[in-house]
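The values are calculated or read from the model by the stated rules, or taken from the named source; none is laboratory data. Predicted, not measured: the structure shown is a model, and the values here were computed from it. Methodologically, a virtual Cβ is constructed for each residue, glycine included, from the backbone with ideal geometry; neighbour enumeration extends over all protein chains shown.
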Amino acid sequence: MGLLEGRLAVVTAGTAGIGRAVAARFVAEGADVVVVSPFEDEIAATVAALGPHVTGMKGDASNVADLERLAETLKAAGRPIDVIVANAGRDVATTQIVDTTPEQFDLVADLNFRGTFFTVNALVPLMRDGGTIVLTSSIAGHNGGPGHAVYNATKAAVRSLARTLTSELRDRHIRANAVSPGPTNTAGFAQFTGGSDEVERQVVALIPVGRVGRPDEIAAAVVFLASDESSFVAGAELVVDGGMSQV
């Protein structure tokens, strides 16, 4: 029997990168998964690849109206949510604070923090008592990497949100935790490096295990936090970065 047998999970940004790896691993562990994405082609491809235990719903996590429609659809289905994975996030090109426009700020903050906040705002009322929440933060939330101020700050805010959720939901025995990946082989990492092998080598040189992470390695950590294997872990952050931020 899988670690998530018979459970219903909702994964935002669940059709690419880490989110899709999480959805795939959840299905392998026996869950039914709702993947949320604004991209219809990615939804169709994910459902086709992962099979009948995956349902796709179109929605932009930075759009509160979309989140409200998602919640209405799930409520009408009548099945309580067991696991929420608030995974949607993005960054923009390297931009110094003094050069950042309000539009660039909003593009990142509206998805990374506002979107995460209102994802749980909309879906927590539909959760069963004893459920679990996993928020995707980042090791960037602990550093001052130049050119990524908004991303760094929003990921720190996401990590903080896991603490507050744990405190507020204690009477319902709902645990919230954050997973903080380091450099991971996704489209976002490719955007960060600009496709430069030299930039990637510079990043890898900072990682004690000598390589960037794989999405399935982050998914394994999310499964741990979502399942009963982590039953005494709450309000915590699990860093999955090959030691990059630890030594």
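Considering only residues that are out of contact with any Lys or Arg (no Cβ under 9 Å at 6 or more places or on another chain) and buried (at least 16 other Cβ atoms within 10 Å of the Cβ), look in region 193-216 and name the one that is nearest to LEU4 (Cα to Cα).
Top of the filtered list is GLY213.
State all residues of region 179-192 that are of a type outside the set (S, T, N, Q), buried (at least 21 other Cβ atoms within 10 Å of the Cβ) and out of contact with any Asp or Glu (no Cβ under 7 Å at 6 or more places or on another chain); if no residue qualifies, say none.
VAL179, PRO183, listed by residue number.
With ALA176, ALA157 as the choices, which residue is within 30 Å of LEU206 (Cβ to Cβ) and surrounded by fewer than 24 Cβ atoms within 10 Å (Cβ to Cβ)?
ALA157
Report yes if some residue within region 210-228 is among the polar types (S, T, N, Q) and assigned to a helix (DSSP H, G or I); otherwise report no.
Within region 210-228, none of the residues are among the polar types (S, T, N, Q) and assigned to a helix (DSSP H, G or I).
So that you can scan it fast, the table gives a plain yes or no per residue for (1) in contact (Cβ under 8 Å) with a residue 12 or more places away in the chain; (2) surrounded by fewer than 17 Cβ atoms within 10 Å (Cβ to Cβ); (3) touching a helix residue (DSSP H, G or I) at 6+ places or on another chain (Cβ under 7 Å):
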{"residue": "ARG79", "(1), (2), (3)": "yes, yes, no"}
{"residue": "ASP91", "(1), (2), (3)": "yes, no, yes"}
{"residue": "ASP106", "(1), (2), (3)": "no, yes, no"}
{"residue": "LEU111", "(1), (2), (3)": "yes, no, no"}
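Go through (1) touching a Gly at 6+ places or on another chain (Cβ under 6 Å); (2) without any contact (Cβ under 8 Å) to a residue 40 or more places away in the chain one by one and return the number of the condition ALA205 breaks.
(1)
Considering only region 121-146, state which residues are surrounded by 24 or more Cβ atoms within 10 Å (Cβ to Cβ) and either assigned to a helix (DSSP H, G or I) or over 14 Å from the mean Cα position of the chain (by Cα) (or both).
The answer is GLY131, and nothing else.
Those residues that are within 14 Å of the chain's Cα centre (by Cα) and either at pLDDT below 95 or within 15 Å of LEU165 (Cβ to Cβ) (or both), I need them from region 221-247; list them, please.
LEU225, ALA226, GLU237
Could you list, in sequence order, the residues of region 71-94 that are aliphatic (A, V, I, L, M) and either more than 17 Å from the chain's Cα centre (by Cα) or at positive phi (or both)?
Across region 71-94, the qualifying residues are ALA71, LEU74, ALA76, ALA77, VAL92, ALA93.
Quick check: is even one residue across region 8-22 among the small types (Gly, Ala, Ser), touching a helix residue (DSSP H, G or I) at 6+ places or on another chain (Cβ under 6 Å) and over 19 Å from THR186 (Cα atoms)?
Within region 8-22 (the criterion being among the small types (Gly, Ala, Ser), touching a helix residue (DSSP H, G or I) at 6+ places or on another chain (Cβ under 6 Å) and over 19 Å from THR186 (Cα atoms)), the answer is yes, since at least one residue qualifies.
For residues in region 8-53 being touching a Lys or Arg at 6+ places or on another chain (Cβ under 9 Å) and among the charged types (D, E, K, R), which is surrounded by the fewest Cβ atoms within 10 Å (Cβ to Cβ)?
GLU40
Go through region 229-247 and count every residue that is buried (at least 19 other Cβ atoms within 10 Å of the Cβ), in contact with a Gly (Cβ under 8 Å, 6 or more places away or on another chain) and in a loop (DSSP other than H, G, I, E, B).
Count: 3.
Of the residues in region 152-180, how many are in contact with a Lys or Arg (Cβ under 8 Å, 6 or more places away or on another chain) and part of a helix (DSSP H, G or I)?
Going through region 152-180 one residue at a time, the tally reaches 1.
Would you mind stating whether ALA157 is under 23 Å from VAL11 (Cα atoms) and not basic (Lys, Arg)?
Considered against the rule, which asks whether it is under 23 Å from VAL11 (Cα atoms) and not basic (Lys, Arg), ALA157 comes out as yes.
Do any residues in region 218-247 that are in contact (Cβ under 8 Å) with a residue 60 or more places away in the chain and more than 16 Å from ASN185 (Cα to Cα) have Cβ atoms under 7 Å from those of residues that are assigned to a helix (DSSP H, G or I) and among the charged types (D, E, K, R), where the two are at least six apart or on different chains, and which pairs are they?
Qualifying pairs under 7 Å: VAL223/ARG25; GLY235/ARG163; GLU237/ARG159.
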